[in-house]
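A.B. asks: Handing you this structure, nothing more for now.
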Amino acid sequence: MECNLLFTPPMKTKLPWRFASLALLALASSPFAQAHPGHGPTDLVTGFLHPLTGWDHLLAMVAVGLWAAQLGGRARWALPATFVGAMVLGAAAGLAGFAPPGVESAILASVFALGLLVAGAVRMPLGAGLALVGLAGACHGAAHGAEMPWQADSLQFLGGMVAATALLHASGVIAGAPGMKSSRTIVRWAGVGIVAGGFALLLA
């Protein structure tokens with residue numbers, strides 16, 4: 001495993017898209033975000049808002065997008081797709097009553113792990129990265145599935161959550177798109193911020 005700055009050649013980035021992504025991340029990080037507020041109504045809108053209002057999920061999902069951007073190539077779409085797919089499978093397992101014990105601790109651990117990967121700009125084989133991200137996604141999905149009663153609205157909730165998760169991943173990928181050296185440094189500092197957020201959740 002190699003930990004270094006990614007010296008990819010500068011490329012042009014559409015600034016409006018990057019600014020829009022950063023604005024979305026800032027909105028999602030606003031004071032209404034809670035650690036993990038649980039589920040009230042299980043409809044489509046509530047499912048969409050849930051990843052934006054839970055710090056543990058928000059930080060992990062943004063970290064996946066940022067790390068995917070750092071790795072580049074197929075990782076830009078493969079990592080987010082793996083997280084979403086594993087999250088859906090984990091949610092199905094949770095709904096069926098198979099959520100593993102300590103899943104909330106595993107979610108917090110994923111925040112630390114993904115934040116450190118971004119902060120260190122860690123390079124690893126794509127297969128290993130997909131396995132790590134898939135495990136994180138499965139834990140996040142299992143936690144949700146275990147909390148939701150089996151009913152039609154639960155499927156709507158899951159659909160909304162998948163849409164918001166994909167949007168957060170895409171925002172992280174766009175915000176972390178390769179550019180000038182200073183941009184790569186900012187992304188690494190964002191990883192440090194994600195780790196700090198994990199400590200804040202741990203102490204909350």
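A.B. asks: Subtract the Cα-Cα distance of M124 and F98 from 0.36 nm times their separation in residues, and report this length gain in nm to one decimal.
C.D. replies: Additional length available on full extension: 6.3 nm.
A.B. asks: For the range 75-204, what is the Kirkwood hydrodynamic radius in Å, using each pair of distinct C-alpha atoms?
C.D. replies: Answer for the range 75-204: a Kirkwood hydrodynamic radius of 15.5 Å.
A.B. asks: Hey, quick one: spin label on A131, modelled 7 Å out along Cα-Cβ, who in the range 80-97 has an amide N within reach, i.e. under 19 Å?
C.D. replies: Counting only backbone N, you get 80-87, 90.
A.B. asks: Sticking with this structure for a sec: Subtracting the Cα-Cα distance from 0.36 nm times the residue separation, let me have the gained length for W77 to E147 in nm, one decimal.
C.D. replies: The span from W77 to E147 would gain 22.3 nm if fully extended.
A.B. asks: Within 10 Å, count the other beta carbons around each residue, average over each peptide in 55-62, 133-140, 70-77, 106-113, and list them highest first.
C.D. replies: Packing order, densest peptide first, comes out as 55-62, 133-140, 106-113, 70-77.
A.B. asks: On to the next question. Test of understanding: what is the full-extension gain from F199 to A109, defined as 0.36 nm times their sequence separation minus their Cα-Cα distance?
C.D. replies: 31.4 nm
Taken together, the values in this text are just the output of simple stated rules run on the coordinates, not laboratory data. None of the values given here were measured: they were computed from a predicted structure. Every residue, glycine as well, gets a Cβ built from its backbone with ideal geometry; the counts of neighbours run over all protein chains shown.
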